[in-house]
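Participant: Sharing a structure here in structure tokens format.
The values are calculated or read from the model by the stated rules, or taken from the named source; none is laboratory data. Quick caveat: nothing in here was measured; it's all calculated off a predicted structure. Please note: Cβ atoms are built from the backbone with ideal geometry, for glycine as well, and neighbour counts cover all protein chains shown.
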Amino acid sequence: MKENILLLLQIITVDFFTAFGLYTLLFLLLSIFIKNVVLYKIDNEATKFISFVGAVYFIVWIIGLFVFYAESNTEEQNSMLNRMFGKYWFGIWMQPILWLLITQLLRIKRICKNIFLRILFSFMLIISIERFVILITSLHRDYLPSSWTMYHDLDIYPSNFVLAVFCKIITFLLFVGIYYFVTEKLKQLFKRKVE
């Protein structure tokens, strides 16, 4: 059960939050040159979808806390409670609450239309607090520039990176389309039941 919850949380953070951040940057760039109603309708559905995914993420995260607590021994339970409500409680709670807050703020039209906030939110969804701390600490190491290499331990080259980003955005838009069609069918079904 723990592995399934961790996998689901990882899928949501990597495949949806990061993809939405990348999509937002692409959308803002395209919206400068293309003034099409369809583009804005897709963006509206993408923000609705990411708001839904943000709520799902937080619910799964809370369920995961209970599952991890229930499946742990007494020592691990005490350690977990100490981390969650102890001196450094914000380290556990800040990232999920931040992602929930960002995704739910996108429901507000004024915030969603604000370009500065959208760029800020996209970077906050792409780079988690943990990744930010790792990036900052790795930039402050005392290594000599002669030991820096561009693609040292990575098999990601610029062409592969661009292709991976493009595929991530396309996959995200595919899920937005599925979400749109499911919600439209549910609205039609609900409308027929009311009549």
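Participant: Quick one: would you say residue 51 is without any contact (Cβ under 8 Å) to a residue 12 or more places away in the chain and small (Gly, Ala, Ser)?
Facilitator: Numbers: without any contact (Cβ under 8 Å) to a residue 12 or more places away in the chain: no; small (Gly, Ala, Ser): yes.
No, not satisfied.
Participant: Against the definition (within 30 Å of residue 30 (Cα to Cα), in contact with a helix residue (DSSP H, G or I) (Cβ under 8 Å, 6 or more places away or on another chain) and either without any contact (Cβ under 8 Å) to a residue 40 or more places away in the chain or in a helix (DSSP H, G or I) (or both)), how does residue 119 come out, yes or no?
Facilitator: Details: within 30 Å of residue 30 (Cα to Cα): yes; in contact with a helix residue (DSSP H, G or I) (Cβ under 8 Å, 6 or more places away or on another chain): yes; either without any contact (Cβ under 8 Å) to a residue 40 or more places away in the chain or in a helix (DSSP H, G or I) (or both): yes.
Taking the combined requirement at face value, the residue satisfies it.
Participant: While we're on this one: Restricting to the stretch 134-148, and then to whatever is surrounded by fewer than 11 Cβ atoms within 10 Å (Cβ to Cβ), of a type in the set (A, V, I, L, M) and assigned to a helix (DSSP H, G or I), can you tell me which residue is modelled with the lowest pLDDT? Working first, answer last.
Facilitator: Kept after step one, since they are surrounded by fewer than 11 Cβ atoms within 10 Å (Cβ to Cβ), are these residues of the stretch 134-148: 136-148.
Applying the additional criterion that residues be of a type in the set (A, V, I, L, M) yields 136, 139, 144.
Okay, now just the ones that are also assigned to a helix (DSSP H, G or I), so 136, 139.
Values: 136: 76, 139: 71.
Here the residue is 139.
Participant: Among the residues of the stretch 1-39, how many are out of contact with any helix residue (DSSP H, G or I) (no Cβ under 9 Å at 6 or more places or on another chain) and touching a residue at least 60 places away in the same chain (Cβ under 8 Å)?
Facilitator: So the count comes out to 0.
A quick yes/no check of all residues on (1) at pLDDT below 90; (2) of a type in the set (Phe, Trp, Tyr); (3) farther than 18 Å from residue 23 by Cα:
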position: 150; (1), (2), (3): yes, no, yes
position: 154; (1), (2), (3): yes, no, yes
position: 159; (1), (2), (3): yes, no, yes
position: 164; (1), (2), (3): yes, no, no
position: 178; (1), (2), (3): no, no, no
